[in-house]
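The values are calculated or read from the model by the stated rules, or taken from the named source; none is laboratory data. It should be emphasised that the depicted structure is a prediction, and the values quoted were computed from it without experimental measurement. Cβ placement follows ideal geometry from the backbone for every residue including glycine, while neighbour counts extend to all protein chains displayed. Accessible surface areas use protein heavy atoms only, side chains included; no ligands, DNA or RNA. Shrake-Rupley method; radii C 1.70, N 1.55, O 1.52, S 1.80 Å.
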Amino acid sequence: MSKTLDLITIGRSSVDLYGAQIGGRLEDMGSFDKYIGGSPTNIACGTARLGLKSAVITGVGDEHMGRFITEQLQREGVDTNGVKVDPERLTALVLLGIRDQEQFPLIFYRENCADMGLTADDIDANFIKSARAIVATGTHLSHPQVEAATLKALEIARANGQQTALDIDYRPNLWGVAGHGDGESRFVESAAVTEKLQSTLHLFDLIVGTEEEFHIAGGSTDTIEALRAVRAVSGASLVCKRGAAGAVAFTGDVPDSLDDGEAGPGFPIEVFNVLGAGDGFMSGLLKGWLDGEDWPTALKYANACGAFAVSRHGCTPAYPSWEELQFFFERGIKRPDLRNDAELEQVHWATNRAGDWSSVKTFAFDHRLQLEEMDGYTRDKGAAFKELCLDAALKVQNGQAGFGILCDNRIGRSALHRATGSGLWIGRPTELPGSRPIEFEPELGDDLGRLREWARENVVKLLVFCHPDDDDKTAKMQVARVKRLFTAARRNGLEFLLEIIPSKVGPIDDTTSATLIQTFYDAGIYPDWWKLEPFKTDAAWANAVAAIERNDPRTRGIVVLGLDAPEAELATSFALAAKQPLVKGFAVGRTIFGNAARAWLKGEMTNDEAITEMADNYARLCGIWDKARSHFTKDAA
């Protein structure tokens, strides 16, 4: 049968709670960052980021953390058809900390967890056959039930001429030879574990492990002797990881020295976090192996992916995209602490963002001052009206992709929170309305620390009234404040939209916005999104787009704002903006909701009438945009 997948990993998955404080004891951690984890799960994500079509066979609970794993796998581009949702068991949990470059306190919460509920009946032969390779990890050979599932998958693969790989992935306490508090332990001798591993090694074409992992697989603490013991029962290619010394591959007899194996270039970087490094290494290795690269090239990929992992916080979030990896190879190491390399981190961020937002047609009802000035406004009525705005947006969206809202937290909190998980793109304003120089909403806190409370799918939106002719003091103050917010947004894993409106400040021409865009890039500000005024000339659009693409070819794109313009005027501006592929859509507010807001707040319009009017207005604008974009794409074709 045709191969729709490059590889399927099989084994454990978990929610990893990483201590946010570095250098402290796990006992003293005050907050945690949440990631997906488990070696097979990490490898599936790591290989997907490198461009392989990956899937994972694992088990998750029928609860919030299980859904988190499944949804995050999907965001990473991993096929989840092999993920079993177990109604009886909870998703595995791991608590981790980073004490220093060598110590990493670790507790596994895996008692009868969901991934240990896999059985041979859960292995679908056709699904296994759909992949070029099956990748197993050692933990799921530690218990008869999950061992049976793993062996069934491997036997199907072997019978059908597929490639097979093993990451030994030895965790002594998961084999029952170390206690719960010894999650950090990487090696405890056990003849029983050695015997179990050796009974399966003949099933693999590739076996990968650290020196300690080969010690347990080979039954000797002498690495050469251990490798030879593995070779005696398996003809697999053997890849031995040596930490800072890199890794070596052996395809035939094991020589007298590890230095005589095939090796790839290493990367001298600062070790920050060794957790997950092996899974990053395996991801790079599998990319090279499945692409048919020679061992030095495959090991180059592996060593680089491992280097990224040890220099960053977390496991899966640290792994590079293929574009990032190539950028790293071409540019080289600028500083050994990769996580503090601003240029590299920008590539990492931009090439690993989740979601397809190639179209964003946005209903903007984040207005605060304009609504507060309307007759009949009260705080409660304002909140209720924004719920109606959301109802209108959802009515038009109707489960489709490519729609969004802008909604504030001051008046629209209930609508903002209800929108989470709806599939809408959600922008959330941070500026104090009308402020110049820019001031932030007090709810962010003096240190902008309240951003940590935002839902991760909220996009930080900032409107700045600025102009190239601003006096030096104003210009520097505004740029500094934008940089401060941008930095805080990125630190909290939130995308950032920068809206600039120079026309309200001074005269504009075809270069005004492009000049401002360059100013912000020169300050080290890389918005994920730009929100720009509707320019009146092709030249103004071309200049703005050129300024963005020159500085950040990986930006999400531009949305064009409405400024309360009539529909006919918006149609004209859309026709001009749609010529630019970088413009992904629009963000229009009062043109959609203005009349309904005035009437509803005065009691002259019912809820249903307001929703219908706003939905009709929004739908018409979406149609106008789609028509303008389709004309452009037809002309381009």
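Over 28 Å between C-alpha atoms is what I'm after, so list which of K84/K152; K300/K483; K34/K584 land there. Long pairs (Cα-Cα over 28 Å): K300/K483; K34/K584.
A straight line joining the Cα centroids of region 572-623 and region 215-278 runs 62 Å. Projecting the Cα atoms of A120, Q103, H143 onto the charge dipole of region 93-180 (Cβ charges, centred on the Cα centre) puts A120 farthest toward the positive pole. Per-residue extension of 0.36 nm, minus the Cα-Cα distance of E195 and L369, leaves a gain of 55.4 nm for this segment. Oblate is the label for region 244-294, because the ratio a/c of its alpha-carbon gyration tensor axes (a ≥ b ≥ c) is 1.5 or higher and a/b is not greater than b/c. Note on Rg/Rh (Cα atoms, Kirkwood Rh): of the candidates (1) 1.66; (2) 1.03; (3) 0.95, the value calculated from this structure sits at (2). For region 503-575, the solvent-accessible area works out to 40 Å² per residue, with a probe of 1.4 Å and every protein chain left in place.
In whole percent, how big is the carbon plus sulfur part of the accessible area of region 297-373, probe 1.4 Å, protein atoms only? Can you show the working numbers first?
Details: 1270 of 2640 Å².
Carbon and sulfur: 48 percent of the exposed surface of region 297-373.
Using r as the Cβ-Cβ distance of N607 and R484, and R0 as 51 Å, what FRET efficiency do you calculate, to the nearest 0.05? According to the calculation, E is roughly 0.80.
One chain, two ends: D337 and W349. Fully extended at 0.36 nm per residue, the span grows by 2.7 nm beyond their Cα-Cα distance.
Helix-only estimate, please: 222 nm mean residue ellipticity of the chain, summing -39500 (n - 2.57) across DSSP H runs of length 4 or more and dividing by its residues, to the nearest 500.
It lands at -12500 deg cm²/dmol.
In the context of the full protein assembly, D471 retains an accessible surface of approximately 80 Å², using a probe radius of 1.4 Å and ignoring ligands and nucleic acids.
Estimated at the nearest 10 Å², the accessible area of D608 is 110 Å² with a 1.4 Å probe.
In percent, how large is the relative contact order of region 273-367, given Cα pairs closer than 8 Å and 6 or more residues apart?
About 24 percent, as a whole number.
Per atom type, region 573-637 shows carbon and sulfur on 50% of its accessible surface, probed at 1.4 Å.
Calculate, for region 308-437, the solvent-accessible area per residue in square angstrom, rolling a 1.4 angstrom probe over the heavy atoms of the protein chains. Don't skip to the end; give the middle numbers.
Working: 4900 Å² over 130 residues.
Spelled out: the 1.4 Å probe surface of region 308-437, per residue, equals 38 Å².
In the chain, taking the dipole from charged Cβ atoms about the Cα centre, the farthest positive-side position among V193, V588, L90 is held by V588.
Judged by the ratio a/c of the largest to the smallest principal axis of the C-alpha gyration tensor, region 392-499 counts as prolate, that ratio being 1.5 or greater while a/b is larger than b/c.
Write down the percent of antiparallel bridges among all DSSP beta bridges whose residues are both part of the chain, to the nearest 5.
Values: 17 of 79 bridges.
That works out to approximately 20 percent antiparallel.
Please state the shape class of region 125-249: rounded when a/c is under 1.5, otherwise prolate if a/b exceeds b/c and oblate if not, all from the C-alpha gyration tensor. It is oblate, given that a/c is not under 1.5 and a/b is not larger than b/c. Accessible surface computed residue by residue for region 1-148, with neighbouring protein chains in place and a 1.4 Å probe, gives 39 Å² per residue. The 3J(HN,Hα) values that the Karplus relation (6.51, -1.76, 1.60; θ = phi - 60°) gives for region 86-92 are, in residue order, 9, x, 9, 10, 8, 4, 5 Hz. Gly and Pro appear as x.
Annotation: Cα Rg of region 527-637 relative to the compact-globule expectation 2.2 N^0.38 Å equals 1.21.
Exposure check, 1.4 Å probe, all protein chains in place: H417 carries approximately 110 Å² of accessible surface. Here the contact order of region 1-76, divided by its residue count and restricted to Cα pairs under 8 Å and six or more residues apart, works out to 37 percent. Simple rule: put +1 on each Lys or Arg Cβ and -1 on each Asp or Glu Cβ in region 478-637, find the dipole, and look at G524, W600, F632; the Cα lying farthest toward the positive end is G524. Full extension of the chain segment joining E155 with Q103 gains 14.9 nm, where the gain is 0.36 nm per residue of separation less the Cα-Cα distance. All alpha carbon pair distances within region 1-127 were sorted into 5 Å bins beginning at 0; the resulting P(r) in whole percents reads 2, 12, 20, 20, 18, 13, 9, 4, 2, 1, 0. Phi-derived couplings, Karplus 6.51 cos²θ - 1.76 cosθ + 1.60 at θ = phi - 60°, listed residue by residue for region 491-499: 4, 9, x, 10, 6, 10, 10, 10, 10 Hz, with x used for Gly and Pro.
With all protein chains in place and a 1.4 Å probe, the accessible surface of region 14-151 carries 46 percent carbon and sulfur.
What does the charge count near A157 come to, summing +1 for each Lys or Arg and -1 for each Asp or Glu among other residues with Cβ under 11 Å from its Cβ? Summing Lys and Arg as +1 and Asp and Glu as -1 gives +2.
Computed over the Cα atoms, what is the radius of gyration of region 270-413 divided by 2.2 N^0.38 Å, N being its residue count?
Details: Rg = 23.1 Å, N = 144, 2.2 N^0.38 = 14.5 Å.
For region 270-413, the normalised Cα radius of gyration is 1.59.
Based on the mean of other Cβ atoms within 10 Å per residue, sort peptides 21-34, 164-177, 440-453, 539-552 so the most packed one is first. All intermediate terms of the calculation are to be shown ahead of the outcome.
Working: 21-34: 12.8, 164-177: 22.1, 440-453: 14.4, 539-552: 18.3.
Result, highest mean first: 164-177, 539-552, 440-453, 21-34.
Can you work out the PRE-style zone for D356? Point 7 Å along Cα to Cβ, and I want the residues of region 66-84 with backbone N under 19 Å. So the set is 71-81. Once C-alpha pairs closer than 8 Å and six or more residues apart are averaged by separation and normalised to the residue number of the chain, the relative contact order reads 9 percent. Listed by chain and number, the lysines whose alpha-carbon sits under 17 Å from that of K3, ignoring those within fewer than 8 places in the same chain, are K53, K129, K287.
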